[in-house]
Ligand code: G1P
């Protein structure tokens, strides 16, 4: 058993202020939509997916967000910037609701962008943040995973990092046949409910090689020691420099903990899951939910009855 730091009871003042959001992926699963539009900008109801992620970071008190982007990602920079012409037009019309919607993204945090240059993997993307981050712990939020805004996962992780030090990953139990899609953690109990010690990590294992059903979901609070490890981490699975491999190195030293999450998480990295996410979040919206849910119930009832599209009044277009 690996010796683990004993958590302090009160914990030091929270040192974490910065978040890193890797957003350099090519988004090939969503072509042709992502030919000229970054996948992070695909709308989830009426906000781009990446805005939810930045809102989550801001809600947890992180006021500095570094986006690691690549080619064709200018739309992300524009989204988190002012849009003066649009703002002037809306202001002249007195449309304060839309004006706020346009201004909000730039107000969420101090947002910075750097480019990864070459798509060498998630570990390499995180390494690109080294100079900006310096020697403080920092959060990493992956854009394909959306955590419901009512959840407090990231705040819990920051609290755990403050008490145990080292690095913290978010873990979620998934069915055995899905573990090959994730980084997978071997864990031991800590005695604290919902917090485990991570003793090993393996990136996307075959089900028979998976040490558990605990999947790393895309939230991390990392000790800056990860940079030194990443620098010497050789390309791993898929020929990419894997963040999981660097964390395995740190886990072997007993400095990685996991916060177990069983709340609402939406995966927007896959087409069917993306569609489910849009539907679920639309149902929850106070402005859209009641009308949309009523339509959805009718639509589903029509499907169950071998519906012909007549119910939705669109001649079946929505069912196609
Ligand atoms: C990445 C990580 C993986 C993690 C996953 C969470 O994989 O490499 O360890 O479990 O994100 O979404 P990706 O989904 O980018 O292939």
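Observations on the model:
- Taking the empirical scaling 2.2 N^0.38 Å for compact globular proteins as reference, segment 120-184 has a Cα radius of gyration ratio of 1.29.
- Relative contact order of the chain, defined on C-alpha pairs under 8 angstrom at six or more residues apart (%): 20 percent
- Taking every DSSP helix (H) stretch of at least 4 residues in the chain, weighting each as -39,500 (n - 2.57) and dividing the sum by the residue count yields a mean residue ellipticity at 222 nm of -10000 deg cm²/dmol.
- Three-way shape label, segment 179-267, alpha-carbon gyration tensor, a/c 1.5: oblate
- Mean Cα-pair separation over length for segment 166-320, i.e. relative contact order, pairs under 8 Å, 6 or more apart, %: 23 percent
- Cβ crowding within 10 Å ranks 261, 299 as 299, 261, fewest other Cβ atoms first.
- Cα shape, segment 1-148, gyration tensor, a/c 1.5 rule: oblate
- Taking the C-alpha atoms only, the angle from helix 49-59 to the longest principal axis of the chain is near 60 degrees.
- Distance between the C-alpha centres of segment 223-265 and segment 129-173: 12 Å, rounded to the whole angstrom.
- Extent along principal axes [Cα atoms of the chain; Å; largest to smallest]: 64, 50, 41
- Neighbour counts of other Cβ atoms within 10 Å put 201, 243, 122 in the fewest-to-most order 122, 201, 243.
- Against the main long axis of the alpha-carbon atoms of the chain, helix 243-252 sits at an angle near 30°.
- Hull-based mean projected area of segment 93-159, where the convex hull spans the alpha carbons, in square nanometres: 7.2 nm²
- Contact order relative to length of segment 218-308, as percent, for alpha carbon pairs under 8 angstrom and 6 or more apart: 11 percent
- Angle between the chain longest axis and helix 271-284 axis [Cα atoms, degrees, rounded to 10]: 70 degrees
- Sequence of 184, 283 once ranked by neighbouring C-beta atoms within 10 Å, starting from the fewest: 283, 184
Where a number appears in this text, it was derived from the coordinates with a stated rule and is not lab data. No experiment lies behind these values; they were computed from the predicted model shown. A quick note on method: Cβ atoms are made from the backbone with ideal geometry, for glycine too, and the neighbour counts reach across all protein chains shown.
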